[in-house]
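Structure record follows, encoded as structure tokens.
The values are calculated or read from the model by the stated rules, or taken from the named source; none is laboratory data. All figures in this text were calculated on a predicted structure; none of them were measured in a lab. Here the Cβ is made from the backbone with ideal geometry for all residues, glycine too, and neighbour counts use every protein chain on show. To get the accessible areas, we keep the full protein, side chains included, count just its heavy atoms, and leave off ligands, DNA and RNA. Shrake-Rupley method; radii C 1.70, N 1.55, O 1.52, S 1.80 Å.
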Amino acid sequence: MQNNTFSTLFVGQNLIKLKEVDSTNNFLKNLVSKSEPLPEGTVIMADNQFAGRGQQESVWQTEAGKNISTSIYLRPSFLPLNKQFYLNIAVSLAVSDALSCFLPEAVQVKWPNDIYTNGKKLGGILIENTLTGSFIKSSVIGIGLNINQQGFRADLSTKATSVIQILQKETPLEAVMEKIVVFMEKYYLILKSGNYAILQNDYLKRLYKFDTLADYQQNGQIFEGKITGVEESGRLVMETAGGLRSFNFKEIEFIHTQNNA
């Protein structure tokens, strides 16, 4: 464990750097399970994460030493279970704001928490909560971002992008992490203060395909819809030919094309 120079009150003030790990989320969860209390805001960073995970156990592919593979420990015990998606919103906003400091084009959040720019995926977020009663005891927030990775597998090349592909130059990972921890603390404190409306409004402004007609797929059927909002539970609200509908995570897919991911 080591202190660092992040200009934050608590997020990132306890920074643990690893050369290689299966998953920063797994490493952090193991730390949390030990008897010694872990400071809130602890950050794990890995040069190489060889078994990173995305939503619903999908695998996150990353090139060693090129990208952000990090996990952050928070204790949002103030947050009722029926509002836990606001933590997802706060983290998504923090990451998109951090990347916006480096990229010329808008950084968006593809529901529920993929990070997009120019129709391509820059990264993703995986939040794992431990519950006690009707509140969240602790949260392990995993963040994977494509920063200095030049190329991707053939099946991902039309869907994924990286900061270096956009800027045509390397960006120091430490500079990106500095922005992430600063914005994470900012939005976490907004969440703690109960300003849910601010988070909701900012999330909708960042939301990929918000208020735009687009094609989606459910159970093999393609339909047209327009995203109109997100419920407190995190369900996506969409206007369709059959009326207003809401969808849970992984119930629908965004249709990917070469120019419209």
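So which of LYS209, LYS205 ends up being at pLDDT 95 or above, of a type outside the set (A, V, I, L, M) and farther than 22 Å from LEU156 by Cα?
Details: LYS209 fails: farther than 22 Å from LEU156 by Cα.
Of LYS209, LYS205, the one residue that is at pLDDT 95 or above, of a type outside the set (A, V, I, L, M) and farther than 22 Å from LEU156 by Cα is LYS205.
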* If you go through segment 203-216 one residue at a time, how many are open to solvent by 40 Å² or more (accessible area, probe 1.4 Å) and either of a type outside the set (Lys, Arg) or touching a Lys or Arg at 6+ places or on another chain (Cβ under 7 Å) (or both)? -> 5
* Qualifying residue in segment 229-250 (condition: open to solvent by 70 Å² or more (accessible area, probe 1.4 Å), among the aromatic types (Phe, Trp, Tyr), closer than 27 Å to ARG75 by Cα and not in a strand (DSSP E or B)) -> yes
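On the given criteria, is GLN221 touching an Asp or Glu at 6+ places or on another chain (Cβ under 9 Å) and farther than 16 Å from PRO112 by Cβ?
Numbers: touching an Asp or Glu at 6+ places or on another chain (Cβ under 9 Å): no; farther than 16 Å from PRO112 by Cβ: yes.
Considered against the rule, which asks whether it is touching an Asp or Glu at 6+ places or on another chain (Cβ under 9 Å) and farther than 16 Å from PRO112 by Cβ, GLN221 comes out as no.
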* **Test for PHE249: is it among the hydrophobic types (A, V, I, L, M, F, W, C) and modelled with pLDDT of 95 or more** => no
* Structure fact -> When segment 98-123 is checked residue by residue, the ones that are in contact with a Gly (Cβ under 7 Å, 6 or more places away or on another chain) and under 15 Å from PHE254 (Cα atoms) are PRO112, ASN113, ASP114, ILE115
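Only one residue in LEU156, LEU204, LEU199 is within 20 Å of the chain's Cα centre (by Cα) and under 29 Å from THR42 (Cβ atoms), so which one is that?
Details: LEU156 fails: under 29 Å from THR42 (Cβ atoms); LEU204 fails: under 29 Å from THR42 (Cβ atoms).
LEU199 is the lone residue from the list that is within 20 Å of the chain's Cα centre (by Cα) and under 29 Å from THR42 (Cβ atoms).
Looking at segment 92-100, can you tell me whether even one residue there is in contact with a helix residue (DSSP H, G or I) (Cβ under 7 Å, 6 or more places away or on another chain) and either outside the structural domain of THR42 (by the TED database) or charged (D, E, K, R) (or both)? Spell out how you get there, then give the answer.
We begin by selecting, within segment 92-100, every residue in contact with a helix residue (DSSP H, G or I) (Cβ under 7 Å, 6 or more places away or on another chain); these are 92-98.
After this cut, where a residue has to be either outside the structural domain of THR42 (by the TED database) or charged (D, E, K, R) (or both) as well, the list is 97.
Yes.
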* Structure fact -> If we keep only residues of segment 57-67 that are surrounded by 15 or more Cβ atoms within 10 Å (Cβ to Cβ) and under 29 Å from LEU191 (Cα atoms), then the residue modelled with the lowest pLDDT is TRP60
* So which of GLN221, GLN200 is more than 25 Å from TYR86 (Cβ to Cβ) and either open to solvent by 40 Å² or more (accessible area, probe 1.4 Å) or in contact (Cβ under 8 Å) with a residue 24 or more places away in the chain (or both)? -> GLN221
* State all residues of segment 217-235 that are in contact with a Lys or Arg (Cβ under 9 Å, 6 or more places away or on another chain) and under 14 Å from LYS110 (Cβ atoms); if no residue qualifies, say none. => ILE227
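If you go through segment 226-238 one residue at a time, do you hit one that is within 22 Å of the chain's Cα centre (by Cα), free of Cβ contacts under 8 Å to residues at least 12 places away in the same chain and not assigned by the TED database to the domain that holds LEU122? Talk me through it step by step, then tell me what you get.
Of segment 226-238, the ones within 22 Å of the chain's Cα centre (by Cα) are 227-238.
Next, only the ones that are free of Cβ contacts under 8 Å to residues at least 12 places away in the same chain stay: 237.
Cutting the leftovers down to not assigned by the TED database to the domain that holds LEU122 gives us 237.
Taking every residue of segment 226-238 in turn, at least one turns out to be within 22 Å of the chain's Cα centre (by Cα), free of Cβ contacts under 8 Å to residues at least 12 places away in the same chain and not assigned by the TED database to the domain that holds LEU122.
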* Count - residues of segment 68-124 that are under 8 Å from the mean Cα position of the chain (by Cα), open to solvent by 10 Å² or more (accessible area, probe 1.4 Å) and under 19 Å from GLY41 (Cα atoms) -> 1
* Just give me the residues in segment 13-36 being touching a residue at least 60 places away in the same chain (Cβ under 8 Å) and more than 11 Å from THR70 (Cα to Cα), in sequence order. => LYS29, VAL32
